[in-house]
1. Looking at this structure, is residue 424 in contact (Cβ under 8 Å) with a residue 12 or more places away in the chain and among the basic types (Lys, Arg)?
2. Name the helices (runs of 4 or more DSSP H) wholly inside the stretch 372-444 in which the number of residues that are surrounded by fewer than 17 Cβ atoms within 10 Å (Cβ to Cβ) is 2 or more.
3. I need the full set of residues from the stretch 295-309 which are under 25 Å from the mean Cα position of the chain (by Cα) and either at pLDDT below 95 or not in a helix (DSSP H, G or I) (or both), in order please.
4. Looking at 312, 292, can you tell me which residue is assigned by TED's automatic domain parsing to the domain that holds residue 250, in contact (Cβ under 8 Å) with a residue 12 or more places away in the chain and in a helix (DSSP H, G or I)?
5. Can you work out which of the residues in the stretch 230-271 that are in contact with a strand residue (DSSP E or B) (Cβ under 7 Å, 6 or more places away or on another chain) and part of a helix (DSSP H, G or I) is surrounded by the fewest Cβ atoms within 10 Å (Cβ to Cβ)?
6. Please determine, by comparing only the residues of the stretch 8-26 that are charged (D, E, K, R) and farther than 16 Å from residue 62 by Cβ, which one is surrounded by the fewest Cβ atoms within 10 Å (Cβ to Cβ).
7. Tally up the residues in the stretch 73-105 that are among the charged types (D, E, K, R), assigned to a loop (DSSP other than H, G, I, E, B) and surrounded by 14 or more Cβ atoms within 10 Å (Cβ to Cβ), please.
8. Being of a type in the set (A, V, I, L, M), in contact with a strand residue (DSSP E or B) (Cβ under 7 Å, 6 or more places away or on another chain), part of a helix (DSSP H, G or I) and farther than 22 Å from residue 83 by Cβ: is that true of residue 193 here?
Amino acid sequence: MGGELPRALRRLGLDVRCGLPRYASIDVRAAGPRRSLSVPRGAVTVPAFLQRKSVRGVPFLLIDGEPIARDRGIYGGGAAEGEKFIFWSLAALLACRELRWAPDIVHAHDWHAAAAVAWVARQRESDPFWTRVATVQTVHNLGYAGAEAQESWRAYNLPLAEGRDVPDWAQALALAAGLSRADLVTTVSPSYASEIMSPDSGFGLDPILNARDEPPVGILNGIDATVWNPARDRALPARYDIEHLDRRARNKAALLSELGFEGEAGWPLLAFIGRLEHHKGVDLLLQALATMLDAPWRSVLLGTGHPELEAMARAFEQGHPGRFRFRNGFDEALSRRLYGSADFVVVPSRYEPCGLVQMIGMRYGAVPIVRATGGLRDTVTDFAAGGGTGFVFEDPSAQALAAAIRRALDLRARPGAWRALQRRGMRRNHSWDRSAPRYLSLYRRAVRLRGGPRT
């Protein structure tokens, strides 16, 4: 979202600039000259360094400094990660003043950038540079609220979450401060915006959301249709489009050979692509498949995450070598080959704020099998409803998932209906060009809340 939404917004005429920690993997040889900043941390200041680089037409403000150098991993956890993101958020704002670029909107994503929202809320009280700057806090996953940043939150003297509905334990919680102090709050799908207002999905922060004058606005994430395009994807042995779906068979044959599957090349192939976390439902998939050995299927699981789930996947592979493959890690090229080869992508999440796997799957003709939650509910309609794009199940259980997979396998055996289903999914527009105008309208509303745009 941080890379593709800005490009879509700039196509609408907005001057969007993105802040990013200067990770070790970023090539700064083509970046601009290094400039120095100072970030206040209590009674001292911490040196920060700014470089500018344009990526696919989007200007990025790259921030470096000791808190970032100490934790070069993108996500790692712990107090070092907490300080890294607070330091980066504040330095990115100070860079705006250094560059004499006063934004109308500061848009923060998740707890990692929530310090920017809290800092602007306080600065507006005394600094004319920030008085009319509006803030938007986007929640990608309410389950990650920044507990590891609480010590640094106090060390950098950031304002606490405000309001009588803020639980005591959340006073110095990064996301709680962002949710309570932002002018507007968004989430990444309409259904998730509704779900997090309840105790069942609110992770204890639902009182803050319910106390807001304006509830969270759900805007679906999108995908870049030029990046995810089976007609031009160089990772695929055979590229194809909606009129030449028969070419997918070459991709599937190559993938089965690559993974060491032998015989039964016509069996349907199910793919799971993503993080191995409890809420993603990986265990539900393995349990469901274990009850379906009477049915024709093969499955590939690509991902990394919780050690217990990784161990469960390895054990399943050892027990079912002719049926199942586990590839532990992040492999973009393999994920693309899976999208271009698999008959189904399975997303059995217990909760899912938005999800991209099902959107990319449809784009590539891999039919989604998803649980009815969050963005999965908003992007996939069940085949049984008529004109559907996939298979949807309600109960977060292995039994319900197995029933959905069996329905999908039954349809896969009907070539005409199967091709029609694939094509309906491929025709769906899930591009950022559809979602970006909604953000533009939201930004305009946020600016009006702060008294209108700068003159």
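The values are calculated or read from the model by the stated rules, or taken from the named source; none is laboratory data. From a predicted model like this one, the values you see are computed outputs, not experimental measurements. Neighbour counts are summed over all protein chains in view; Cβ atoms, including those assigned to glycine, are modelled from backbone coordinates with ideal geometry.
1. yes
2. Answer list for the stretch 372-444: 398-412, 415-427.
3. Listed by number, the residues that qualify are 299, 300, 301, 302, 303, 304, 305, 306.
4. One residue alone meets the criteria, 312.
5. So, considering only residues that are in contact with a strand residue (DSSP E or B) (Cβ under 7 Å, 6 or more places away or on another chain) and part of a helix (DSSP H, G or I), the one surrounded by the fewest Cβ atoms within 10 Å (Cβ to Cβ) is 259.
6. Here the answer is 15.
7. Qualifying residue count, the stretch 73-105: 1.
8. Considered against the rule, which asks whether it is of a type in the set (A, V, I, L, M), in contact with a strand residue (DSSP E or B) (Cβ under 7 Å, 6 or more places away or on another chain), part of a helix (DSSP H, G or I) and farther than 22 Å from residue 83 by Cβ, residue 193 comes out as yes.
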